1. Would you check if R224 is surrounded by 16 or more Cβ atoms within 10 Å (Cβ to Cβ), modelled with pLDDT under 90, assigned by TED's automatic domain parsing to the domain that holds N434 and not polar (S, T, N, Q)?
2. How about the range 633-742: which strands (runs of 3 or more DSSP E) wholly inside it have at least 3 residues that are not basic (K, R)?
3. Take the residues of the range 135-153 that are farther than 11 Å from D263 by Cβ and in contact (Cβ under 8 Å) with a residue 60 or more places away in the chain: which is surrounded by the most Cβ atoms within 10 Å (Cβ to Cβ)?
4. Checking the conditions here, which among F163, F204, F172, F188 is of a type in the set (A, V, I, L, M, F, W, C), surrounded by fewer than 16 Cβ atoms within 10 Å (Cβ to Cβ) and assigned by TED's automatic domain parsing to the domain that holds E313?
5. Which of the residues belonging to the range 489-546 are acidic (D, E) and either over 25 Å from R670 (Cβ atoms) or not assigned by TED's automatic domain parsing to the domain that holds R561 (or both)?
6. May I ask you to verify whether L674 is more than 38 Å from the chain's Cα centre (by Cα) and surrounded by 14 or more Cβ atoms within 10 Å (Cβ to Cβ)?
7. Checking the structure you have, find out if any residue of the range 569-581 is in contact with an Asp or Glu (Cβ under 6 Å, 6 or more places away or on another chain) and either more than 30 Å from A521 (Cβ to Cβ) or of a type in the set (K, R) (or both).
Amino acid sequence: MAVLSKYIDRIAEKYEQTGLTKHAFSYALVGTALLALTIKVTVPYVKNLQEGSAKKSKTKVNNGALTPLVASSDSDGTDEDFKLAEAEKLLVAQQLKKKNNKNLLEPGLNKEFLNQLSRLVKIMIPQALCYETGLLSVHTLCLISRTFLSIYVAALEGAIVKFIVRKDVKQFALVLLKWFGIAIPATFINSMIRFLESKLALAFRTRLVRHSYRLYFKNQNYYRVSNLDGRIENADHRLTEDISVFASSVAHLYSSLTKPCFDLMLIGLALMRSSQKMKANMLLGPALSVSVISLTAHILRIVSPKFGQLVSEEANRYGYLRHIHSRIITNAEEIAFYGGHKVEMQQLRQAYNRLVNQMNNIFTQKLWFVMLEQFFMKYVWSGTGMVMVSLPILTGGGASGSSSADGNGNEDGQGNDSSSSVSERTQYLTTARNLLISAADAIERLMSSYKEIVALAGYTYRVAGMLEVFEETAQGIYSKATVAENDEMNGIIEFRDGKPIAKGRIIYTDDAGNMSISLRAVPVVTPNCDIVVPSLTLCIEPGVHVLITGPNGCGKSSLFRILSGLWPIYAGELHIPRPVEDKPCMFYIPQRPYMSIGSLCDQIIYPDTREDMKRKGITDDELRNILKMVSLEHIGQRDSFDVVRDWKDILSGGEKQRMAVARLFYHKPRYALLDECTSAVSIDVESSIYEVAKSMGITLLTITHRPTLWKFHTHILEFDGQGSWRFRKMDANEQQKEKFLH
């Protein structure tokens, strides 16, 4: 800077020789700098406006999506523009979808936010006397103690300056020792405030997580939320990240609001008492400060951006980005086989670009708001504080202990009193200045808390919305995009407020002599309200082994989901035996079985635990016998039942299917729902498995395309893919027709 200043001086001297003064040169230099700054700020803004209007003229809204027009020959046609257009299509589609939902409220400081926050607070603090209220009490006590310490420290600093002015070394040393002594409890209180805030956030998070987990696993909600309802795309992100951020925001906001309120109240009383000692008006200064603060706060509230909506949208986009990552990890093998890395990378880039655009939007909104906020807080309020400090000195009658002369009229007494008056005013000025700094900091934190409250509204909206969806899906209330309009359901599905109503009933029978499964006029309907079969009526008795055939998408697997209770029944009645504790009614085995985390024993007995196994009286020898039934005895010989491995990667596809059949033999249900569960098993092992299952008294309901399994069934259920079906008894020597293979 010094070199630059000398260089400018030399140039100014040269121009001064030509008749141009230094002042005129300085004005020209400053004007040029301001002009350059204005051009630098306005040109990109105007350019962005022109680009935005050009994009709007090149696009049109079609069927709820933004459809780019055919690019002209002079367009750049870059890949980046294509990605942005695709991202805008997705964004507009999501916005239109939200607008179509009449019950959806945008996050913000409104009555709905207060109601949602109140419900969440009742979950975090369930009763008046609990662990959380204890933390809050201790936390509040520390906040109040910190305020008293701040006032006491300000008084000590005023006394230190007073004794410096008086040149009283002894009193100065004593007060300085007090100042050092108060530092130990003050630093401990500060550390305790941060510690208790972290503990409070963790306690709130624990309450919310436990409550959310109870709802998430109630009535198989983990399946219903992701498959039957379309309001939450990424429940994992809301259960982890959103709850954590919400709990931390609530705990931090309590400190940000409580301590400044205590500071303002107690510091205001201290300032009024100091003004009274100076024989000044106690209400003039506080009235001025309240007026200025109220005016600036009103202006900031008017111009404040909608940070709640911005933060909520950022969380949505961040969650969608994580969802794409998890989808790639889950389907990595299929993507690698197809060579689809370019498509997946493009989708990731688009999701990331949308997140970056939203974050840049938030940064831009904060830039101007923070600038205005800092102008009010740093300069307007500082000037108001100077006026408040000076008013008692300029308008007061002096310190209460000062006088013009001593009792004898001694001139030395007048000199001492004058010195004492100066020191008193100096003490007041120092104390008031420190108190005003603390008060200004408290007001600044209160004003900054407004942004935190608005951001908290966004997180409250997401967490409370998640819990509301969990509660509704547990009651069978779903909201998902349908494939047809409401009037196209032919009276099979009834809608209320745009949501399908499950009017069918599941009736559990307790009669030991009637263990049959009966469907009476039950439609097979997918979660998006696609009617696959308008009405299905049949009765399956124990020992009636049913082979289910038909083309793809005809409702074979959908029937299993209805029998298992995963999908709602929109009409008719389903009669099934009531499950007993040690013998389930039905056991479903999919084509791709699930391998849990745990030991070899845990894989066989899933979903039982070791305690359930011991209660049933099943030994390791019986587990080895089960493995032998499915030709997996080599795994039992290689690994003990207690060894923990990543069974999903260790076992082959056929071994996984046989492990799932081993679970069937362990649980011995009345009915087995087999959905292509032996497609990767050899024919000889498959035949042995079916023979063993029948010998155990398990009734088989099988979906398969293998002709070799025909002989193990007594009845056949045929779907034609057009909504019709036929249930009949098989002939003894009947062979599978070609039409059932496709």
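The values are calculated or read from the model by the stated rules, or taken from the named source; none is laboratory data. What you are looking at is a predicted structure, and each value in this text was computed from that prediction instead of being measured. For neighbour counting, all protein chains shown are included, and Cβ atoms are generated from backbone atoms with ideal geometry for every residue, glycine included.
1. Against the criterion (surrounded by 16 or more Cβ atoms within 10 Å (Cβ to Cβ), modelled with pLDDT under 90, assigned by TED's automatic domain parsing to the domain that holds N434 and not polar (S, T, N, Q)), R224 qualifies.
2. 671-675, 699-703, 715-719
3. H139
4. Working: F163 fails: surrounded by fewer than 16 Cβ atoms within 10 Å (Cβ to Cβ); F204 fails: surrounded by fewer than 16 Cβ atoms within 10 Å (Cβ to Cβ); F172 fails: surrounded by fewer than 16 Cβ atoms within 10 Å (Cβ to Cβ).
Just one listed residue meets the conditions, F188.
5. Taking the range 489-546 as the starting set, the residues that turn out to be acidic (D, E) are 494, 497, 510-511, 530, 541.
Scanning the range 489-546 gives E494, D497, D530.
6. Values: more than 38 Å from the chain's Cα centre (by Cα): no; surrounded by 14 or more Cβ atoms within 10 Å (Cβ to Cβ): yes.
Considered against the rule, which asks whether it is more than 38 Å from the chain's Cα centre (by Cα) and surrounded by 14 or more Cβ atoms within 10 Å (Cβ to Cβ), L674 comes out as no.
7. Initial filter on the range 569-581 (in contact with an Asp or Glu (Cβ under 6 Å, 6 or more places away or on another chain)): 578.
Filter once more, so that each one left must be either more than 30 Å from A521 (Cβ to Cβ) or of a type in the set (K, R) (or both): 578.
Yes, the range 569-581 contains at least one residue that is in contact with an Asp or Glu (Cβ under 6 Å, 6 or more places away or on another chain) and either more than 30 Å from A521 (Cβ to Cβ) or of a type in the set (K, R) (or both).
For (1) of a type in the set (S, T, Y); (2) more than 20 Å from the chain's Cα centre (by Cα), each residue gets a yes or a no:
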| residue | (1), (2) |
| --- | --- |
| T187 | yes, yes |
| S191 | yes, yes |
| V209 | no, no |
| I232 | no, no |
| L257 | no, yes |
